[in-house]
Amino acid sequence: MLLELRRLLDLSLVFIGHDLAVIRQVSQRVMVMYLGRVMEIAPAAELFARPRHPYTRALMAAAPVPDPKLERARAAPALGGEIPSPLAPPSGCVFRSRCAYAIDRCAADIPRLEAAGSAQVACLRAAEI
Ligand code: SF4
């Protein structure tokens, strides 16, 4: 219905969701947020084919696979720990307390969105990982 409305009325829609399969189906561009900060923005096809930010990758890895055999064979999701309080977010990169790629600099510097192909990524190590 959303896709039909968008087409018929030439609408731009902002769809907020947590179900990656639905987001993939209805979106042209996707913005991934964590603790109120933008982690990555990319065309939907590119984001799902090549997630660049460690949080986006963790989200993709945690999404259920609709095949019981494949689902059981998958490794445990890489994202551990608890979401910090939004009232006292970590310094620097807000994702650093759960990021497997965090380095000392991530505690001091707030990553800005930088172009990476047709995507934009807020990660100090985006070029390396
Ligand atoms: S800036 Fe550092 S902590 Fe944040 S996502 Fe990148 S590597 Fe991880």
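List of remarks:
- As a proxy for reagent exposure, 32, 65, 121, 14 were ordered by neighbouring Cβ count within 10 angstrom, fewest first; the result is 14, 65, 32, 121.
- Largest mean-square fluctuation among 42, 75, 62, in a Gaussian network model of the chain whose springs join Cα atoms under 10 Å apart, belongs to 75.
- Each Lys and Arg adds +1 at its Cβ and each Asp and Glu adds -1 at its Cβ; summed about the Cα centre, the range 55-129 shows a dipole of about 140 debye.
- Kirkwood Rh, angstrom, the chain [1 / mean 1/r, Cα pairs]: 16.1 Å
- Amide H contacts for residue 39 (H built 1.01 Å from N in the peptide plane; partners 5 or more residues away or on another chain; cut-off under 5 Å): 32, 33, 34.
- Our helix-only sum for the chain, with -39,500 (n - 2.57) per DSSP H run of n ≥ 4 divided by its residues, gives a mean residue ellipticity at 222 nm of -7000 deg cm²/dmol.
Readers should treat all values here as calculations from the given coordinates under stated rules, not as data from a laboratory. The structure displayed is predicted, hence computed values, not measured ones. Cβ sites come from the backbone with ideal geometry, for glycine too, and all protein chains shown count toward neighbours.
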